[in-house]
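For reference, the structure is listed below as structure tokens.
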Amino acid sequence: MLKRFQLLENKVVEADSKQAQILVYVNPDESEKKLLLDVCKLDEHTLNSALDPDELSRLEIESDHVAMIFKRPKNYSSKDHFLFKVSSAGLFLFKDRLIMVLPEDVQMFSGKLFGKVTSLVDCCLRILSRTIYHYIEHLKVINMITDSLEEKINTSMENKYLLNLFTLEKSLVYYLNAISSNGSLIERLKNNSSKFGFSQDNIELLDDIIIENSQCNRQAEIYSNILSGLMDARASIVGNNLNQLMKTLNIITIGIMVPTLVVSAFSMNVAMPLDNQHPLTFWFIMGLALLSVVLFFLIWSRRGDNIRF
């Protein structure tokens, strides 16, 4: 699918085929790929890298354009089951146009960040900045989900919530790798800024992007370290909750066995006291059974053990 945009009054707006300066290809089909390879002269390997989720970020300098492969957060859905994934995207910057290749449809030019776009180079840099902001938003969501799962783990005896935390930890590993890879791309852009003809405003924006990416990487690293360091403790909590349940069930089982023993003793086919069939014999035996239960729980409570139901 192809979307066309142009720069009009320092904003990115939709355009027709003649005025389009920015071409966005969303999951291009074979005919669109052939057009990009034959007409736009894109490198086939670089084009495929833009659609490969396992590809690392990199910068390629061609004769007539600059190719940037960067990592961005993939749109999350409930089907992912707490697994936040990353995908690749490609920016191909020519002198008079910008080609963007995406594996999925996303809103790239909305928000305050694109309120004042002065050039195609500026647009590229703002796309990278928007990607960093997207990572930060996902990290906030991951942190909120982690806090919610922690509260559930404290009272749960199931492994479901613990497995969800493992999935979030795996997501943070993916994010750390992607953010670090983007950092290498941005650093190389900075080192070649004079070769690309960046203006002073572009260089200042690039410096801000470097700082934002570093902070984002640090934030993801902190979340990952905290989550990884506390996984053993949370596993112990689940095990302790299960032990408490087994302890309570054992106490209940013993409490039931004590009156059963009393009643069974008077049910044996041998000579026993109260064999004269006194009218209050039944109630006397029931009273002994109830008294045995009360004495058992009194003795257990004096040991300092609490019973939790």
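The values are calculated or read from the model by the stated rules, or taken from the named source; none is laboratory data. Nothing here was measured: the structure is a model prediction, and the numbers come from that model. A quick note on method: Cβ atoms are made from the backbone with ideal geometry, for glycine too, and the neighbour counts reach across all protein chains shown.
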Got at least one residue in the stretch 107-130 being closer than 27 Å to CYS40 by Cβ and within 15 Å of the chain's Cα centre (by Cα)? no
Of everything in the stretch 111-157 that's surrounded by 14 or more Cβ atoms within 10 Å (Cβ to Cβ), of a type in the set (S, T, N, Q) and assigned to a helix (DSSP H, G or I), which residue is modelled with the lowest pLDDT? THR146
Mind telling me which of the residues ILE69, ILE61 ends up being surrounded by fewer than 18 Cβ atoms within 10 Å (Cβ to Cβ) and either free of Cβ contacts under 8 Å to residues at least 12 places away in the same chain or at negative phi (or both)? ILE61
On the given criteria, is GLU204 charged (D, E, K, R), more than 30 Å from PHE92 (Cβ to Cβ) and either surrounded by fewer than 17 Cβ atoms within 10 Å (Cβ to Cβ) or at pLDDT 90 or above (or both)? no
Enumeration of residues in the stretch 265-296 that are within 60 Å of the chain's Cα centre (by Cα) and at pLDDT below 75: none
Residue under question is ASP16, and the condition is that it be modelled with pLDDT under 90, part of a loop (DSSP other than H, G, I, E, B), under 26 Å from ASN191 (Cβ atoms) and in the same structural domain as ASN182 (by TED's automatic domain parsing); does it hold? no
Please work out which residue is nearest to the chain's Cα centre (by Cα), limiting yourself to the stretch 212-221 and to residues that are under 13 Å from SER184 (Cα atoms) and surrounded by fewer than 20 Cβ atoms within 10 Å (Cβ to Cβ). ASN217
Criterion (assigned to a loop (DSSP other than H, G, I, E, B) and not aliphatic (A, V, I, L, M)) met by exactly one of LYS41, LYS34: LYS41
When the stretch 222-259 is examined, which residues are found to be over 18 Å from the mean Cα position of the chain (by Cα), under 21 Å from TYR161 (Cβ atoms) and modelled with pLDDT of 80 or more? MET246
So for the stretch 178-191 (the condition being polar (S, T, N, Q), assigned to a helix (DSSP H, G or I), more than 17 Å from GLU221 (Cα to Cα) and out of contact with any helix residue (DSSP H, G or I) (no Cβ under 9 Å at 6 or more places or on another chain)), does at least one residue qualify? yes
